[in-house]
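Remarks on the structure that follows.
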Amino acid sequence: MGAVVAGFVFLAAGAAGAETIRVAVVEKAKEVRLSSSEPLRFLDSKGAALALNSGRQASVRAQGGGLAVGDQPVGRTVRLRPSGESLAVDGVSYPGEIEIRAAPGERLQVVNHVDVETYVAGVVPREVPAAWDIEVLKAQAVLARTYALSLRQRSAGQAFDIGAGVDHQAYSGESALHPKVQEAVRSTRGEVLAYKGELAEAVYHAYCGGVTENAADVWGRSFPYLQSIRSECRLGDTPPTWTYHIEANDLARRLRAAGIVFSGAVTAVEPADLSQTGRIRTVRVRTGEGPREMRGIDFRKAVGPDLVKSTRFTIEPEGDGFRFAGLGSGHGVGLCQHGARAMADGKAGYREILARYFPGTAVTLSSKVKKNNQVRLVNR
Ligand SMILES: [Zn+2]
């Protein structure tokens, strides 16, 4: 009987929460500062008001395995609902409810319960310039919504659905909101990218350099709609190529920091295996204790994805280190943002853009997709 009741409660909560997503905006802090234009009203985990006289500003701290507001212990979870104006956490304003939970090691975690559409409007301007054609913003909104809902599908039982850092999708609450982006989100409300009735892998990158990549060559998993295609990209002021110099000892330090453990120095870096589009599938790093091979994307992530901008590069010794010279930006799979921009210049709409980069998929309402719990690809 207990299990039946619990199951019912879970389903009811899931249905009621269908329009919101839980975003961890702070994952491990000792203390956060809250502020609002109205007096802060703290609630306990069941939603009952706590007798705290905190005014418009307060600090919440991890203390003794729980939380304290100012000096007053308040248990392991507090919630705040904005009254009219939104709430700021460490100076960043968030729409919707804020939940603060004690986390292991005298830390706390802040989760923003936000309407999915509002969340998408906060993400899109962090991923693509708001000044771009609105059809590109609409395509990006559909992908951001698809990605967020994919993660939410498999986060049941966890404290939050999605992080706010660049490992997921960058989100900074209301600070990045832009009227043109909000219009793009409104006009695609509820729309997601689906393949055979399920949420598609909504992956994208900045600039493919003329040809996108097969998902299988990056992540080792093949998808019918994530195959390499030619892409005419409009770069504007962005240079198509990049170079980067790194000292050998700095490279060794970064690889070790990423958990690639070896002794001695890095003596050479070379491509071990190229994909059909010329991207490095496997990198061979020669070290004091012999060669080490790793996936191109893992190497890029370890060194710094903003420095080694893509896996389409050559490496040469230079001074006390190495010189990387590359083309493109990002993993190259799925939507090419600069390619989408070129299509929008040619008067293509967002549906046409998505159909080109994800052939065989359809834009559909999220209420119509079937649930699946497959492991998701990550964008970076
Ligand atoms: Zn492109």
In the range 208-225, what residues are crowded, with 17+ Cβ neighbours inside 10 Å, more than 14 Å from the ligand (Cβ to nearest atom) and of a type in the set (D, E, K, R)?
D217
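Can you tell me how many residues in the range 309-340 are within 13 Å of the ligand (Cβ to nearest atom) and either without any contact (Cβ under 8 Å) to a residue 12 or more places away in the chain or among the aromatic types (F, W, Y) (or both)? Can you show your working first?
First pass over the range 309-340, keeping only residues within 13 Å of the ligand (Cβ to nearest atom): 310, 312, 327-340.
With either without any contact (Cβ under 8 Å) to a residue 12 or more places away in the chain or among the aromatic types (F, W, Y) (or both) added as a condition, the list becomes none.
Looking only at that region, the number is 0.
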Taking only the range 63-72 into account, find how many residues are out of contact with any Gly (no Cβ under 6 Å at 6 or more places or on another chain), surrounded by 13 or more Cβ atoms within 10 Å (Cβ to Cβ) and either closer than 18 Å to K28 by Cα or without any contact (Cβ under 8 Å) to a residue 12 or more places away in the chain (or both).
4
When you scan the range 132-159, how many residues do you find that are in contact with a His (Cβ under 9 Å, 6 or more places away or on another chain) and assigned to a loop (DSSP other than H, G, I, E, B)?
0
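Let's see how each residue does on (1) modelled with pLDDT under 90; (2) within 22 Å of the chain's Cα centre (by Cα):
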| residue | (1), (2) |
| --- | --- |
| A200 | no, yes |
| A206 | no, yes |
| C233 | yes, no |
| L255 | no, no |
Check whether at least one residue in the range 248-260 is in contact (Cβ under 8 Å) with a residue 12 or more places away in the chain, within 16 Å of the ligand (Cβ to nearest atom) and not assigned by TED's automatic domain parsing to the domain that holds L193, and report yes or no.
no
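Residue by residue, here is whether (1) at pLDDT 90 or above; (2) over 21 Å from G173 (Cβ atoms); (3) surrounded by 10 or more Cβ atoms within 10 Å (Cβ to Cβ); (4) outside the structural domain of V110 (by TED's automatic domain parsing) holds:
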| site | (1), (2), (3), (4) |
| --- | --- |
| G7 | no, yes, yes, yes |
| L43 | yes, no, yes, no |
| S83 | no, no, yes, no |
| L87 | no, no, yes, no |
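Considering only the range 261-271, I want to know if a residue exists there that is within 16 Å of the ligand (Cβ to nearest atom), touching a strand residue (DSSP E or B) at 6+ places or on another chain (Cβ under 7 Å) and either more than 26 Å from L354 (Cα to Cα) or not assigned by TED's automatic domain parsing to the domain that holds W132 (or both). Let's see the steps before the verdict.
Start the filter on the range 261-271 by keeping residues that are within 16 Å of the ligand (Cβ to nearest atom), which leaves none.
Looking for residues that are within 16 Å of the ligand (Cβ to nearest atom), touching a strand residue (DSSP E or B) at 6+ places or on another chain (Cβ under 7 Å) and either more than 26 Å from L354 (Cα to Cα) or not assigned by TED's automatic domain parsing to the domain that holds W132 (or both), one finds none in the range 261-271, hence no.
Name the one entry in V110, V124, V60 that is in contact (Cβ under 8 Å) with a residue 24 or more places away in the chain, crowded, with 21+ Cβ neighbours inside 10 Å, aliphatic (A, V, I, L, M) and assigned by TED's automatic domain parsing to the domain that holds A202. Give the steps one after another, and end with the answer.
On the way: V110 fails: assigned by TED's automatic domain parsing to the domain that holds A202; V60 fails: assigned by TED's automatic domain parsing to the domain that holds A202.
Just a single option satisfies the conditions, and that option is V124.
Rundown of residues vs (1) closer than 29 Å to G360 by Cβ; (2) in a loop (DSSP other than H, G, I, E, B), yes/no style:
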site	(1), (2)
E232	yes, yes
G236	no, yes
P239	no, yes
I246	no, no
A252	no, no
L255	no, no
G259	no, yes
F262	no, yes
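To keep it simple, each residue is scored yes or no on (1) within 16 Å of the ligand (Cβ to nearest atom); (2) free of Cβ contacts under 8 Å to residues at least 24 places away in the same chain; (3) surrounded by 18 or more Cβ atoms within 10 Å (Cβ to Cβ).
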position	(1), (2), (3)
G190	no, no, no
Q227	yes, no, no
P239	yes, yes, no
I246	no, no, yes
T277	yes, no, yes
R281	no, no, yes
R292	no, no, no
Of the conditions (1) part of a helix (DSSP H, G or I); (2) in contact with a Leu (Cβ under 9 Å, 6 or more places away or on another chain), Y119 clears all except one; give me its number.
(2)
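The values are calculated or read from the model by the stated rules, or taken from the named source; none is laboratory data. For clarity, every value in this text was computed on a predicted model and none was experimentally measured. As a convention, Cβ positions derive from the backbone with ideal geometry for all residues, glycine included, and neighbour counts pool all protein chains shown.
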